[in-house]
1. Amide H neighbours of Phe107 under 5 Å, at least 5 residues apart or on other chains, H built in the peptide plane: list them.
2. Just order 91-97, 541-547, 432-438, 389-395 by mean Cβ neighbour count inside 10 Å, highest at the front, would you?
3. Measuring from centroid to centroid over Cα atoms, what is the spacing of the range 210-254 and the range 483-562 in Å?
4. Please report the accessible area of Asp479 (heavy atoms, 1.4 Å probe, ligands and nucleic acids excluded) in Å², nearest 10.
5. Provide Rg over Rh for the range 491-536; use the alpha carbon set for both Rg and the Kirkwood Rh (inverse mean inverse pair distance).
6. Quick one: which residues, 5 or more positions from Ser463 or on another chain, have an amide H under 5 Å from its amide H? H modelled 1.01 Å from N in the peptide plane, none for Pro or chain starts.
7. Give me the aspartates and glutamates in straight-line cross-link reach of Lys71: C-alpha distance below 19 Å, same-chain residues under 8 apart excluded.
8. Among Lys241/Lys313; Lys220/Lys241; Lys326/Lys465; Lys380/Lys471, which pairs are too far apart, with a Cα-Cα distance over 28 Å?
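The values are calculated or read from the model by the stated rules, or taken from the named source; none is laboratory data. Since the model is a prediction, treat every value here as computed from it, not as a measurement. Cβ: placed from backbone, ideal geometry, glycine included. Neighbour counts: every protein chain shown. Note: accessible area is taken over every heavy atom of the protein model, side chains too, but ligands, DNA and RNA are not part of it. Shrake-Rupley method; radii C 1.70, N 1.55, O 1.52, S 1.80 Å.
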Amino acid sequence: MAEIAGGEASAPPPPPAPSTFGEISGGRPASNPTSTGSSPPSRTTKPGVKRLVLTASVLLSFLLGLPFLLKSTEIHRSPLPSDAITALAHRLHSNPPSFPCGLHAVFLRPGSGPSDASLASRLERAISAQLQLLPAPPTAGNVSVSATVESAGGCSSSSSVGSRWQCGVVTTADLVLGDEVFDELLHSALGSSGGDGSMVYTVVVVEIDDAEEMRVVIGKHRHAWLVGKVDEAKAVSSIGKVFVKYFMNGGIEEGETGIGKGEFMPIGSDGNVVLSFSLLNADPSGWMYDWDFEKIGERMLDPVIEALRPIAKINIESQVLYHTPKSSYSYADDKLGGNVLSMGDIPFFVNSNEWHLDTSISATGRSKVLQFVVYVPSAKECPLHLQLPDGGISKTNAFISPMWGGVLIWNPPDCSPGSRKTHGTRKKMSSQEHMETLEIFIGQLRQLFGLKPSYRSQDMDMSTKFVASEKGFTEWELDLLYRHHACSNLLSCLTTLESLSSLVRSLPRMIVMDEIGRQVELSLEAANLAQRNATLGISDSSAVSATRARALAEDAFFHPSIMSISYASVEHYFAIYMPFFAPVSLHVLLAAIKELKRYKAERAKYSAFLASRATSS
């Protein structure tokens, strides 16, 4: 073993094998690091791109997935016609809606006086000058005036307004038939509108020489007549006052509250109104009253609903409630013959805790509910009277609450002491009593809409009479409501659309559905149509279009897709997704950069080797 070990030890060492690294890098023996210093090793083969392609493919997959991520999280925003909204605002502010109309004056003269065209033209100019001196409401547009002079000697008219007055159809002798019949005769002899669709109002002056005084009658259509002995100047002045005071302002004096005086229409933003009629029995132990509302109430209210259809879709409901005491207190007054409720106690009359009135099933969405209550006092408190501020007793025994409805205190016939023995029985209101209560409620509805309940106290320095309409509203009153409602709804529609446009611009990540954009477009179309009808003087069609424009604008603004989502800013959006994608994306990006640097370094080594081999050869 020693010999072998010694032989092996004495054997010369084999020559060193060539360095494998040297063959790969350049085919030369590896030099001693101490002799070569810090120079990088050379490379004799072309570097591979497998690692680079693999790393780049991972990075590319992240980059290709980024558009899908943005697409899946993007907010759908239907484009809103902001330019059209701005244009509508400019038109409404620069040229507020106004309704042109016509005024036709007819002079029925006895005998065979002159009736040439020059006289009619002179009267036309005089009436036009009179209208310039009277204040006009904001909804009134240009007023075209014309005049007709009719007598036994002939009939002549000016040609400013195309009135449909038929000469010879109505005479002074027809006055003996009564005002209601004469009103219908005038309606048959007159047209409801001019040739261009605008409304024409007519004032007829019936000259009677033997009349003691002059009187004015306002018909239920679009005309009025003055009867009596009057000179030309007085007639012209009266015609202007009747036209402006009633046909344009609805009899509302300066300083009075009413339509066009800042009062709101009791109509929902969607154009729907529910009239809820309730019969309240304060104490059924004394008596219980019922009513047949389906037969009597709906029959009387159908004409009212039809008349107000252009500005409101009205539904009617009725109910009977028991054990409904009032919240205020009354006191006995022997001089007035019963219990008295002062005007100061009216705000506390409605008992919200005991009066379960809000049970309507027709009031949906943004509909408005108007309550009309018939309050039957208890047997101990009956009769119950409403005392006016001047100390007198109210004739209607009723009051209204703006934007809420009205209350009627109804004292049944059993209030007399001799009839108390019938207490405790169930009774029903008679048809006459029911009709009387509904007439009071129609008057309250007129007040809620800004009109006067009646015009009995109105005068114009002369006796004034008004022909009542079975609809509850005369035609000239409806024109006034249509004009005011159209203007109010157009401005409300514009305000809502501007608010929606501003809201969408302020929230870049707000979802705007296609349905919202479509509703805005339809609202603008209806608003433009209402404005065009207003310029033509077609008040009812303008009111219908304005109501639709406002309802569509409100539907767009209160769309469920807008109200149910909380909109976050862009910073919040990045804060949600950065914790998921930033760590992985950062590592993939750094790995790709590192691999690219390594590939460039190996490629540089291989290029140096090729250059050195070319030099040596």
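1. Amide H to amide H, under 5 Å and 5 or more residues apart or across chains, Phe107 pairs with Thr148, Val149, Glu150, Val205.
2. For the peptides 91-97, 541-547, 432-438, 389-395, the packing ranking is 541-547, 432-438, 91-97, 389-395.
3. 40
4. Approximately 0 Å² of Asp479 is accessible to the 1.4 Å probe.
5. 1.07
6. Distant-sequence amide H within range of Ser463: Val216.
7. Once the sequence-local aspartates and glutamates are set aside, what remains near Lys71 is Asp514, Glu571.
8. Lys241/Lys313; Lys326/Lys465; Lys380/Lys471
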